[in-house]
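A short reminder: the numbers here are calculations on the coordinates, not readings from a lab. Since we're looking at a predicted model, the values are computed, not measured. We place every Cβ from the backbone using ideal geometry, glycine too, and count neighbours over all the protein chains shown.
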Amino acid sequence: MKLLSVIIPCYNEERTIATLLENVLAAPLAIDRELVIVNDGSTDTSDKIIRQFMQNHPAVPIKYIEQANSGKGAAVRTGIKASCGDCLIIQDADLEYDPKDHQRCIEPILQGRAQVVYGSRVRQKGNRCSALRFYLGGLAVTWFTDLMFAARLTDEPTCYKTFDGDLIRALEFENNDFGWEPEVTCKLLRLGYKIVEVPVSYIPRHIAEGKKIRWQDGAKAFRIIWQWRFRSMKKYVHLRKK
């Protein structure tokens, strides 16, 4: 039986983490799953809530890792290293994305049609948009990615990035913050991997509700995209798509 690793980075998400974890378990899935929860130095009650969840679900395969606050990218990288799934999906600890879409995201990988799948909020009709600055920023980052790599993405900054497990664990990353997102996209495109998109549901939250990304992260994304369009990929020659 194949296995999906659900990587859940968490930083001060006491208002949503319990519901999110229950939603992950309740989501229909055709394969087994493991939860890899990375508590990135939360200072609220997230740790207590996570441990209570683990006590309530002793039969669920859960890897719980605590680390000093280092950023979302660092938490995701830690989770990837600890994972062992045939496929892997990133699941933020808020409630913006619906775990019911996990099966949709992994389907192209299970069918052998892709090794990288992004859940596109743009492709799903009826989704609400983020605040205008976040929405336009996401479109701009996606446009610049497509321009630099001759890609046809509609939603590069999506949380729902899904990968073949062996492929993503073989890559190395530098960014510990939200810069991890464009870095992984650029490296995969440079290596010749096609990123398949599937529509996913999205309910945006506002900064007052805990949204953590800022305009500085968008500005950094442009710099990372530019850098990785031209930086050497020699160390990853063995990973090039045949």
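The gain in end-to-end length when the Leu139 to Thr43 segment is fully stretched comes to 31.3 nm, 0.36 nm per residue minus the alpha carbon separation. Summary value for the range 13-84: 40 percent relative contact order, contacts being C-alpha pairs under 8 angstrom separated by 6+ residues. Placing a label point 7 Å from the Cα of Gln52 along the Cα-to-Cβ direction, the residues of the range 89-118 with a backbone N closer than 20 Å are 93-95.
For the chain, excluding the exposed loop sites themselves (GluC sites (Glu not before Pro), DSSP loop, at most 15 other Cβ atoms within 10 Å), the longest remaining stretch covers 1-171. When DSSP beta bridges are restricted to pairs lying wholly in the range 3-239, around 25% turn out antiparallel. Label-to-label distance, Thr19 versus Gln216, with points set 7 angstrom from Cα along the beta-carbon direction: 3.0 nm. In the range 14-58, whose amide N lies under 11 Å from the spot 7 Å out along Cα-to-Cβ of Ile203? List them in ranges. In the range 14-58, the label zone of Ile203 (backbone N under 11 Å from the point 7 Å along Cα→Cβ) covers 20. Computed from backbone phi with θ = phi - 60° and the Karplus coefficients 6.51, -1.76 and 1.60, the 3J(HN,Hα) list for the range 82-89 is 7, 7, 9, x, 5, 10, 8, 10 Hz; x is used for glycine and proline. Hey, what did the chain get for relative contact order, percent, Cα under 8 Å, at least 6 apart? Worked out over the chain, it gives 22 percent. Judged by the gyration tensor of its Cα atoms, with axes a ≥ b ≥ c, the range 3-239 is rounded; a/c sits under the 1.5 cut. On full extension, the segment bounded by Lys81 and Glu174 gains 32.1 nm, given 0.36 nm per residue less the C-alpha separation. With 18 Å as the limit on Cα-Cα distance, the pairs of Lys187/Lys234; Lys100/Lys161; Lys2/Lys235; Lys100/Lys187; Lys187/Lys220 that go past it are Lys2/Lys235; Lys100/Lys187.
Spin-label model, Ala30 to Gln227: label points 7 Å out along the Cα-to-beta-carbon direction sit 3.9 nm apart.
Distant-in-sequence amide contacts of Glu34, defined by a placed amide H-H separation under 5 Å and a gap of 5 or more residues or a different chain, comprise Leu4, Ser5, Val6.
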